[in-house]
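J.: I'd like to ask some things about the structure below.
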Amino acid sequence: NLTLRPMRVWRFYSQRAALEGEIKKLKRDFALNKIPTNHFLANLLYFHLQLMAFNIVSWFVQLCLPKNFHSWTLHTLRLNLLVLPGRLVRSQKRNILRLPQGYEYKPLWFHADSKISKLKITNL
């Protein structure tokens with residue numbers, strides 16, 4: 001019911017097309033299609049915490065991983081990068097994380113770790 005020419009309608013709605021994929025990710029990876037309680041404020045808080053987690057993961061992928069890994073889902077990140085057996089050891093008064101022998105994504109893990117250590121946090 002918009003009184004716009006077809007090209008303007010397309011331009012107006014094409015900007016929203018990327019949001020559909022983000023909404024799908026939120027539902028799939030962060031369970032935003034389930035309302036956990038019957039209390040509005042609790043659900044609002046849950047929703048905001050999930051959005052914050054989504055943003056943190058999205059920024060991590062964009063800022064700390066090479067471009068060819070930007071399509072990884074949260075499930076893939078957990079499976080290949082975040083949840084892995086490791087051992088935290090202390091050597092020469094420093095904590096060192098020992099990753100598993102033959103771990104396929106060890107170079108990626110160290111790349112992300114290096115990028116994280118170079119990030120500067122500014123006052124919000």
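The values are calculated or read from the model by the stated rules, or taken from the named source; none is laboratory data. For clarity, every value in this text was computed on a predicted model and none was experimentally measured. We place every Cβ from the backbone using ideal geometry, glycine too, and count neighbours over all the protein chains shown. Areas reflect the complete protein model, heavy atoms only, side chains present, ligands, DNA and RNA absent. Shrake-Rupley method; radii C 1.70, N 1.55, O 1.52, S 1.80 Å.
J.: Residue under question is Phe60, and the condition is that it be open to solvent by 60 Å² or more (accessible area, probe 1.4 Å), aromatic (Phe, Trp, Tyr), in a helix (DSSP H, G or I) and out of contact with any His (no Cβ under 8 Å at 6 or more places or on another chain); does it hold?
T.: So Phe60 fails the test.
J.: Identify, please: which residue in segment 64-90 is among the aliphatic types (A, V, I, L, M) and under 26 Å from Ala31 (Cα atoms) and is, among those, surrounded by the fewest Cβ atoms within 10 Å (Cβ to Cβ)?
T.: Val83
J.: Just the residues that are surrounded by 11 or more Cβ atoms within 10 Å (Cβ to Cβ), part of a helix (DSSP H, G or I) and aliphatic (A, V, I, L, M), please, taken from segment 1-39.
T.: The answer is Val9, Ile23, Leu26.
J.: Now, a different point. On the given criteria, is Ile121 surrounded by 10 or more Cβ atoms within 10 Å (Cβ to Cβ), among the β-branched types (Val, Ile, Thr) and either touching a Phe, Trp or Tyr at 6+ places or on another chain (Cβ under 9 Å) or not in a helix (DSSP H, G or I) (or both)?
T.: Considered against the rule, which asks whether it is surrounded by 10 or more Cβ atoms within 10 Å (Cβ to Cβ), among the β-branched types (Val, Ile, Thr) and either touching a Phe, Trp or Tyr at 6+ places or on another chain (Cβ under 9 Å) or not in a helix (DSSP H, G or I) (or both), Ile121 comes out as no.
J.: When you go through Leu65, Leu51, Leu45 one by one, which is the residue that is of a type outside the set (S, T, N, Q) and either over 27 Å from Lys115 (Cβ atoms) or in contact with a Lys or Arg (Cβ under 6 Å, 6 or more places away or on another chain) (or both)?
T.: None of the other options fit; the residue is Leu45.
J.: If Lys93 satisfies every condition in (1) closer than 29 Å to Lys120 by Cβ; (2) surrounded by 11 or more Cβ atoms within 10 Å (Cβ to Cβ); (3) charged (D, E, K, R) but one, which is the exception?
T.: Here Lys93 meets the rest and fails (2).
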